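Worksheet for the structure shown next.
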Amino acid sequence: MQTVILGSGAAGISAGYHLKQKNIDSVIFEKDADWGGLCGNFTIDGFRFDRFVHFTFATEEDIANHFANSVDLWEHPSISSNYYQGAWLKHPAQNNLSALPSETKVKIIMDFINRPQKNIEQIKDYAEWLKVQYGDYFAENFPFAYTRKYWGVEAKDLETKWVGSRMHSPDLTEVLRGAFEEQQQIFYYTSVMKYPKTGGFRSILNTSREGLNIQFNKKVIHIDPTAKLIVFADNSEIQYERLVSSLPLPEIVGMLPNVPESVIEATKQLKHTSGYQISLGFNKPDVAKHLWFYIYDEDIPPARIYSPSLKSPDNVPAGCSSLQAEVFWASHQPTPSKEKVLAQTMSKLLEMGLFEQKDIVVQDIRLEKYANIIFDHDIYKNRQIVLDYLTSLGILSIGRFGKWDYLWSHQAFKSGREACQ
Ligand SMILES: Cc1cc2nc3c(=O)[nH]c(=O)nc-3n(C[C@H](O)[C@H](O)[C@H](O)COP(=O)(O)OP(=O)(O)OC[C@H]3O[C@@H](n4cnc5c(N)ncnc54)[C@H](O)[C@@H]3O)c2cc1C
């Protein structure tokens, strides 16, 4: 019997690596045919695509160094853009209004000056937070729309603790300056975005995954914590001494016997987004103009588009370029039709003039069931009920979907390390 780790994403790999550092053997079981989880990638005709946009901006020095020692990294300045009703605005939009029509700028600035004044303790939801930060007009036309596209819910349905430093709160001088001319200053939460020179995003985990025992195509379907037994979809079984799981909470709860009603109810309330990755390869080098950009228009399905070839030329054949568009919805809503989303996205991107039909040599759409955790008003209560239950069964739950938190890859890596210390 040994330590069993479920999932070979950043969290599972980190757990295996940190156990190995302590001379403890483990085996990782992964349902997919390859490692990396959401940090992983797929290749079509020489075009490599990550599973959604990924850069590393690890803040903890030891983790940043560990990633940097695994692969050479490009360092891109964090310069991104926004697309809104035909205009391109440098990110963050509220600091770079110059490209907008005068009438829109006046409305945004007047509402910014007259924005509601409230202390953080008085703010009851994300909609109110946005209005206090940016004023009504900007909040309603930019982040309210983006929230529907990225989180699949209304801003009023989200709480605010997750925001942290993710969004820049401007002062009037910044807003006014940016309304006259595009600002050079970077207001993003990190000034540099790092990306592997070779092998796609998951290469940051190269050192950690070396020598790990990862068993692929092993989908867990049942766990008996009393017998310490795991059953796989191929009917095989294994016993464990210690169990570390990076599986999404709703998945693992569904695999356990005799789960109390209160835990089942809490699990049902956990909401997340799912997403489509629409991946496009082009037969010429200069299609992608932006490392990544956000789209606010709600008739254009993608919330965000980025360029794998600008992240690293290693992601495309010589002389080519690529884009990947991300379309999200809330898991409690019906899954939008793949065909419709693809057709609507392609027609809108052609209309935006991003490329021409004749440039496309690769076109792919695939679904990612778990993308982001939705921070609704009951998340902390429901999440705690589920986590307490797993702890009571001796299951160590790690990673973005095992902790049910807004974890970046370095934080998922950290959670794998913490579980194995
Ligand atoms: C849209 C988007 C953009 C992001 N951008 C960034 C970014 O720029 N920078 C950054 O640092 N982070 C980013 N992240 C976050 C990053 O992807 C995650 O923090 C990280 O990949 C989570 O790793 P994990 O191991 O916790 O989970 P996962 O990667 O999901 O790993 C879980 C693993 O468990 C496996 N599994 C699931 N069910 C079973 C089963 N039944 N049996 C066996 N195996 C199973 C899965 O196949 C998977 O390999 C982004 C995430 C999203 C959604």
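For the stretch 227-263, name all the residues that are within 12 Å of the ligand (Cβ to nearest atom) and of a type in the set (D, E). Matches in the stretch 227-263: D234, E251. Of note, N119 does not satisfy the criterion of being touching a residue at least 60 places away in the same chain (Cβ under 8 Å) and in the same structural domain as A179 (by TED's automatic domain parsing).
Please indicate, with yes or no, whether at least one residue in the stretch 60-75 is farther than 24 Å from S312 by Cβ and of a type in the set (S, T, Y). The answer is no, given that none of the residues of the stretch 60-75 is farther than 24 Å from S312 by Cβ and of a type in the set (S, T, Y). Condition check: assigned to a loop (DSSP other than H, G, I, E, B) and surrounded by 14 or more Cβ atoms within 10 Å (Cβ to Cβ). Does K218 satisfy that? Spelling it out, K218 is indeed assigned to a loop (DSSP other than H, G, I, E, B) and surrounded by 14 or more Cβ atoms within 10 Å (Cβ to Cβ). The residue that is nearest to the ligand (Cβ to nearest atom), counting only those in the stretch 361-398 that are under 30 Å from F282 (Cβ atoms) and either basic (K, R) or assigned to a helix (DSSP H, G or I) (or both), is K369.
Going through (1) in a loop (DSSP other than H, G, I, E, B); (2) touching a strand residue (DSSP E or B) at 6+ places or on another chain (Cβ under 6 Å); (3) within 11 Å of the ligand (Cβ to nearest atom) one by one, A58 falls short only on (2).
Based on what the data block shows, is L38 outside any loop (DSSP other than H, G, I, E, B), under 30 Å from E251 (Cβ atoms), modelled with pLDDT of 95 or more and in contact with a Lys or Arg (Cβ under 8 Å, 6 or more places away or on another chain)? Spelling it out, L38 is indeed outside any loop (DSSP other than H, G, I, E, B), under 30 Å from E251 (Cβ atoms), modelled with pLDDT of 95 or more and in contact with a Lys or Arg (Cβ under 8 Å, 6 or more places away or on another chain).
Evaluate the following for D224: is it without any contact (Cβ under 8 Å) to a residue 60 or more places away in the chain and touching a Lys or Arg at 6+ places or on another chain (Cβ under 8 Å)? No, not satisfied.
Cβ separations smaller than 6 Å between residues 6+ apart or across chains give the following pairs from the stretch 26-48 residues that are among the hydroxyl-bearing types (S, T, Y) to residues that are more than 7 Å from the ligand (Cβ to nearest atom): S26/T3; S26/I5; S26/G16; S26/L19.
Answer yes or no as to whether I113 is surrounded by fewer than 18 Cβ atoms within 10 Å (Cβ to Cβ) and in contact with a helix residue (DSSP H, G or I) (Cβ under 8 Å, 6 or more places away or on another chain). Taking the combined requirement at face value, the residue satisfies it. In the stretch 276-287, is there at least one residue being farther than 12 Å from V53 by Cβ, without any contact (Cβ under 8 Å) to a residue 40 or more places away in the chain and touching a helix residue (DSSP H, G or I) at 6+ places or on another chain (Cβ under 9 Å)? Within the stretch 276-287 (the criterion being farther than 12 Å from V53 by Cβ, without any contact (Cβ under 8 Å) to a residue 40 or more places away in the chain and touching a helix residue (DSSP H, G or I) at 6+ places or on another chain (Cβ under 9 Å)), the answer is yes, since at least one residue qualifies.
Within the stretch 326-340, the set of residues being farther than 16 Å from R148 by Cα and in contact (Cβ under 8 Å) with a residue 24 or more places away in the chain comprises K338 only. The set of residues in the stretch 193-209 that are surrounded by fewer than 23 Cβ atoms within 10 Å (Cβ to Cβ) and either closer than 13 Å to S14 by Cβ or within 16 Å of the ligand (Cβ to nearest atom) (or both) comprises M193, K194, G199, N206, T207, R209. Here the stretch 139-176 is the region considered, the condition is being at pLDDT 95 or above and outside any helix (DSSP H, G or I), and the residue that is surrounded by the most Cβ atoms within 10 Å (Cβ to Cβ) is W151. Just to be sure I understand the filter: pairs with C-beta atoms under 7 Å, separated by 6 or more residues or on different chains, first member in the stretch 64-82 and touching a residue at least 40 places away in the same chain (Cβ under 8 Å), second member crowded, with 17+ Cβ neighbours inside 10 Å and assigned to a helix (DSSP H, G or I). Which pairs pass? As it stands, the answer is F67/I204; S70/S203; S70/I204; S70/L205; V71/S203; V71/I204; N82/A93, since those pairs meet every condition given. In the stretch 318-330, how many residues are crowded, with 17+ Cβ neighbours inside 10 Å and either over 15 Å from the mean Cα position of the chain (by Cα) or on the phi > 0 side of the Ramachandran plot (or both)? Residues flagged as crowded, with 17+ Cβ neighbours inside 10 Å and either over 15 Å from the mean Cα position of the chain (by Cα) or on the phi > 0 side of the Ramachandran plot (or both) within the stretch 318-330 amount to 4. When restricted to residues that are more than 11 Å from the ligand (Cβ to nearest atom) and either among the hydrophobic types (A, V, I, L, M, F, W, C) or surrounded by fewer than 18 Cβ atoms within 10 Å (Cβ to Cβ) (or both), the stretch 42-55 contains 7. L349 meets the conditions (1) within 16 Å of the ligand (Cβ to nearest atom); (2) buried (at least 19 other Cβ atoms within 10 Å of the Cβ) in every case but one. The failed one is (1). Look through the stretch 399-417, keep the residues that are near the ligand (Cβ under 7 Å from one of its atoms) and among the hydrophobic types (A, V, I, L, M, F, W, C), and return whichever of them is surrounded by the fewest Cβ atoms within 10 Å (Cβ to Cβ). Among those residues, the one meeting the criterion is W408.
The values are calculated or read from the model by the stated rules, or taken from the named source; none is laboratory data. Given the structure is predicted, the values throughout are model-derived calculations rather than measurements. Don't worry about glycine lacking a Cβ; one is built from the backbone with ideal geometry, like all the others, and counts go over all protein chains shown.
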